[in-house]
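Right, one structure below, let's go through it.
Taken together, the values in this text are just the output of simple stated rules run on the coordinates, not laboratory data. All of these numbers come straight from a predicted model, not from anything done at the bench.
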Amino acid sequence: MQRHLRWFALVASLAAVAFLLVFPLYTGVTVRESVGGRVSQNTQSATLLSVNGPGVLFILAIPVLAAINALVPWPDRYRRRLDVIGAVVVTVFTVLGAFTVGMFFIPTAFALLLIAPWPRKSLPAT
């Protein structure tokens, strides 16, 4: 079960990043009225990347790296600490992200929070 949660966290974070990069999150409407009373309306939409630039890729990499960290076969003495750190980082990232683009990383945070308190065990090789 723990291994499945670790993979779920990675897939969920990659799906959230893909959604945020592909689907338009920003929309705007421009309404113009000419002297003759004719009204024209122009609707525009843009993606997160096109509005904020390539710097947003570094920010979106944070939850993906935390999920990848959960899959790395660290020694048992480091695994629990790194799992807790990853869970806390993604949870904080999700809460802060709620103020801007939404809470797309809730599934990742939830999976990592479930993994963090479990007893340390080496993951079997897959």
(message) So if each residue of separation counts as 0.36 nm, and I subtract the Cα-Cα distance between ALA15 and PHE58, what length gain in nm does that give?
(response) 13.9 nm
(request) In a Gaussian network model over the chain where Cα atoms closer than 10 Å are linked, find which of PHE19, PHE58, PHE93 has the largest mean-square fluctuation. (result) PHE58
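Could you calculate the contour length gain from VAL29 to LEU49, that is, 0.36 nm times the residue separation minus the distance between their Cα atoms, to one decimal place in nm? Before the final figure, lay out the partial values.
Values: separation 20, 0.36 × 20 = 7.20 nm, distance 1.96 nm.
Answer, rounded to one decimal: 5.2 nm.
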(request) Averaging sequence separations of C-alpha pairs under 8 Å and six or more residues apart, then dividing by the length of the chain, give the relative contact order as a whole percent. (result) 31 percent
(request) For n ≥ 4 DSSP H runs only, could you compute -39500 (n - 2.57) per run for the chain, divide by its residues and tell me the 222 nm figure to the nearest 500? (result) -19000 deg cm²/dmol
(request) Over every pair of different alpha-carbon atoms in the chain, take the mean of 1/r and invert it; report that Kirkwood radius in Å. (result) 16.5 Å
(request) For the chain, find the longest principal axis of its Cα atoms and tell me its angle to the long axis of helix 56-71, 0 to 90°, nearest 10. (result) 20 degrees
